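First up is the structure itself, then whatever we jot down about it.
The values are calculated or read from the model by the stated rules, or taken from the named source; none is laboratory data. Remember, it's a predicted structure, so these values are computed and weren't measured experimentally. Positions of Cβ are backbone-derived with ideal geometry, glycine not excepted, and every protein chain shown enters the neighbour counts.
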């Protein structure tokens, strides 16, 4: 018999859910100066004004916990996905699945309730977005990512991906999987370290993650969350204490790798294919 109310299969899943809920409440996170410096360098390379005052933040969103402010951000994220993709239509209902994934809405036969939308904002306006779903410590999926057409090549998606990867490391998630279109596959594999999932691996994942999103005509890729980004139990305890006190030091407390210049040099090529 299925228990009533909210329940989890194990304590790890309960902890993951609790952490994600706290991030929703905290709201937007400012990016560390180290990342902003790299972004300004990218602006200079693109011939843009690096001295302009820009407010760069990332935020985790859920349609289940929406306010007027977050509804606007979610709507902007939907707009970016629609700018980069044709509608993804559910054969049974004829409904476009993109808003369902962004807002975490379930459809008959389609379970999207556990999805979150991560966004990068510039001066409170969404420029890059990604859908995330964590299935537990073993695996998380990122079925959709996109950067607005006007902001390709500026390194925004790389900043967002760094934040997502750090979050998953904090949650002790081991693997990231995503569906990649043919034209984007080499970007993910050559530049980001993803590998193609073997059929037997995919079959094994789907036994425990039966709702994993797989788009027709795409290849499923996998990447281990980098071990140098894993968070120690002491760091995790300290961060939980900050979060419980209402403080928002998530990214500042998690030091980013210093070698971000080479990572963000991928901006031009990846932003061209970020709508995988």
- Would you check if residue 119 is within 26 Å of residue 33 (Cα to Cα), surrounded by 18 or more Cβ atoms within 10 Å (Cβ to Cβ) and more than 13 Å from the chain's Cα centre (by Cα)? no
- Message: On the basis of being farther than 30 Å from residue 47 by Cβ, surrounded by 18 or more Cβ atoms within 10 Å (Cβ to Cβ) and either touching a residue at least 60 places away in the same chain (Cβ under 8 Å) or out of contact with any strand residue (DSSP E or B) (no Cβ under 6 Å at 6 or more places or on another chain) (or both), does residue 80 make the cut?
- Response: no
- Note on the structure: Of the candidates 13, 84, the one satisfying the condition of being under 19 Å from residue 131 (Cα atoms), within 23 Å of the chain's Cα centre (by Cα) and at pLDDT 85 or above is 84
- Query: Quick check: anything in the range 41-53 surrounded by 14 or more Cβ atoms within 10 Å (Cβ to Cβ) and under 21 Å from residue 213 (Cα atoms)?
  - Reply: no
- Note on the structure: Filter the range 64-98 for residues that are touching a helix residue (DSSP H, G or I) at 6+ places or on another chain (Cβ under 8 Å) and not in a helix (DSSP H, G or I); the one that is nearest to residue 119 (Cα to Cα) is 66
- Note on the structure: residue 38 fails exactly one of (1) touching a strand residue (DSSP E or B) at 6+ places or on another chain (Cβ under 9 Å); (2) buried (at least 17 other Cβ atoms within 10 Å of the Cβ), namely (1)
- Item | Residues located in the range 16-54, provided they are in a helix (DSSP H, G or I), within 16 Å of residue 156 (Cα to Cα) and without any contact (Cβ under 8 Å) to a residue 60 or more places away in the chain | 33, 36, 37, 40, 44, 45
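Table: residues versus (1) surrounded by 15 or more Cβ atoms within 10 Å (Cβ to Cβ); (2) in contact with a strand residue (DSSP E or B) (Cβ under 8 Å, 6 or more places away or on another chain); (3) without any contact (Cβ under 8 Å) to a residue 12 or more places away in the chain.
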residue	(1), (2), (3)
57	yes, yes, no
72	no, no, yes
85	yes, yes, no
98	yes, no, no
128	yes, yes, no
